[in-house]
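These notes concern the structure reproduced below.
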There are 2 protein chains.
Amino acid sequence: MYDVFRKYINEVTSSIIPDDEFKHYEEAFAKKTMKKKQFFLHEGSVCKYAAFIVKGAMRLYSIDEKGHEHIVRFGIESWWMTDRESFQMLTPSRYNIDAVEDCELLVTTSEAVARLKDRSPLFLKLMQILDQNSYIASQHRIESTISYTAEEKFMQLMNTYPAFLHRFPQNMIASYLGLTPETLSRIRKQVLLK
Amino acid sequence: MYDVFRKYINEVTSSIIPDDEFKHYEEAFAKKTMKKKQFFLHEGSVCKYAAFIVKGAMRLYSIDEKGHEHIVRFGIESWWMTDRESFQMLTPSRYNIDAVEDCELLVTTSEAVARLKDRSPLFLKLMQILDQNSYIASQHRIESTISYTAEEKFMQLMNTYPAFLHRFPQNMIASYLGLTPETLSRIRKQVLLK
DNA sequence: AAATTGGGTTGATATAGATCAAGGCCGCCG
DNA sequence: CGGCGGCCTTGATCTATATCAACCCAATTT
């Protein structure tokens, strides 16, 4: 399990992490498994943990007054999952996180992250790269939600994260795109006919 | 001009930056003024500079095939403005950035930023804080665009960035929210009557 | 002072996408 | 094996928001 993580770090940072440095990582991250539909975070509680997804699929979502779910983020293998705001500030979260498939995770806390940043310059670099990439991806998503039609949103998702389409049911994809499942179904038909 | 910047850094990092360290900042950042409507970045070119806004207001936007502008970000005093993706990767940008009011800026390049991160741990810290805050703000905006009605989006903006409402014309606010100016006008009337 | 321009409003109509309702198709569990 | 629940589709309507068009007002230009 840790070897997947190690390989990931080497790739993202374009480096080779030495054994003695990686020992700190093993201390900082605990293994955890989750069954499908199990909650990682409940709305209202502090998100004490951040997870690196070794295997499986998760989602982060809010629930509005009408009881509708709105999926803000998906996560699959090699993605991170946490409510960043709650995790860092230790404030109660407005989101839920649960497992869409059975998951294998490496889980850490914000203190462990801070410690590891001090001990491993590579980890600091990793965090910087991730933050930057997350921010850039968020900007793209914002642009797409304010500019595009339903069909364009779907096409953009097809191009950007094709893996999502196989991993998550249509109603979740619809929620992620800000559409109803019915609309997505109709649009898919159109797009696939072309 | 630099004193505003210095004060800002002290506030955000909760520190007091020593004179000799701040000298590096003055080297890394050049003063620049811009007149209203002047372009800081044109679609298709690389965004070589990042600006700290000392005074004035700017916007970052894309233009779709139909010629419609979509405002992805606003910036006013003490905000940063750049196309992060293009600035870091040195890839051609899909966005335009221009001045909505006359501006006073402190401008830097990605090499200067990298150098400053090495020389000043405080600057590194600043960048980390900014990245994190930007990311968190982006997540909120995504949630709002996929979950909320036009009226809710407007109210959220009123609460989150009330200053924008006085600084930017309604048609730009509408674009930022992903609405037409007509719709925003009607919604404003409703909201203000309540 | 007339003309132009940029921003905002208002009204009439059109339409993308939501909502409501029903039915079909598995895969799973008793 | 049979029934049930999750997921998807399809059809009929409804509605929020876009579009089109006209007009207003204030500021700027000539």
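For segment B:26-65, the set of residues classified as assigned to a loop (DSSP other than H, G, I, E, B), of a type outside the set (Ser, Thr, Tyr) and in contact (Cβ under 8 Å) with a residue 40 or more places away in the chain consists of B:Phe29, B:Lys35, B:Lys36, B:Lys37, B:Gln38, B:His42, B:Glu43, B:Gly44, B:Cys47, B:Lys48, B:Gly56, B:Ala57, listed by residue number.
What are the residues in segment A:19-49 that are within 24 Å of A:Ser62 (Cα to Cα), surrounded by 15 or more Cβ atoms within 10 Å (Cβ to Cβ) and hydroxyl-bearing (Ser, Thr, Tyr), if any? Result: A:Tyr49, single match. The residue that is nearest to B:Ile63 (Cα to Cα), counting only those in segment A:151-194 that are within 12 Å of another protein chain (Cβ to nearest Cβ), buried (at least 16 other Cβ atoms within 10 Å of the Cβ) and within 9 Å of DNA strand C (Cβ to nearest atom), is A:Lys153. Only one entry in B:Ser120, B:Ser78 is closer than 30 Å to B:Arg6 by Cα, of a type outside the set (Lys, Arg) and at pLDDT 95 or above, namely B:Ser78. Answer yes or no: is there a residue in segment B:110-120 that is of a type in the set (A, V, I, L, M, F, W, C), within 12 Å of DNA strand C (Cβ to nearest atom) and either within 19 Å of B:Met58 (Cα to Cα) or within 13 Å of chain A (Cβ to nearest Cβ) (or both). No, that holds for no residue. Among the residues of segment A:123-139, those that are touching a residue at least 40 places away in the same chain (Cβ under 8 Å) and open to solvent by less than 30 Å² (accessible area, probe 1.4 Å) comprise A:Phe123, A:Leu126.
Only residues that are under 18 Å from A:Glu143 (Cα atoms), surrounded by fewer than 22 Cβ atoms within 10 Å (Cβ to Cβ) and not basic (Lys, Arg) were counted in segment B:94-110, giving 2. Please go through segment B:140-150 and pick out each residue that is within 15 Å of DNA strand C (Cβ to nearest atom) and open to solvent by 20 Å² or more (accessible area, probe 1.4 Å). Listed by number, the residues that qualify are B:Thr145, B:Ser147, B:Tyr148, B:Thr149, B:Ala150. Going residue by residue through segment B:78-85, is there one that turns out to be in contact with a helix residue (DSSP H, G or I) (Cβ under 7 Å, 6 or more places away or on another chain) and open to solvent by less than 10 Å² (accessible area, probe 1.4 Å)? Taking every residue of segment B:78-85 in turn, none turns out to be in contact with a helix residue (DSSP H, G or I) (Cβ under 7 Å, 6 or more places away or on another chain) and open to solvent by less than 10 Å² (accessible area, probe 1.4 Å).
Taking the criterion of being hydrophobic (A, V, I, L, M, F, W, C) and not in a loop (DSSP other than H, G, I, E, B), the residues of segment A:85-108 that qualify are A:Phe87, A:Met89, A:Ile97, A:Ala99, A:Cys103, A:Leu105, A:Leu106, A:Val107.
Only helices (runs of 4 or more DSSP H) whose full extent lies in segment A:118-194 are considered here, and the ones with at least 2 residues that are more than 11 Å from DNA strand D (Cβ to nearest atom) and of a type outside the set (A, V, I, L, M) are A:121-147, A:150-160, A:162-167.
The values are calculated or read from the model by the stated rules, or taken from the named source; none is laboratory data. Only a predicted model underlies this, so the values are computations on that prediction, with no experimental measurement involved. Backbone-built Cβ (ideal geometry, glycine too); neighbour counts: all protein chains shown. When the accessible area is computed, the model is the full protein with side chains, heavy atoms only, and any ligands, DNA or RNA have been set aside. Shrake-Rupley method; radii C 1.70, N 1.55, O 1.52, S 1.80 Å.
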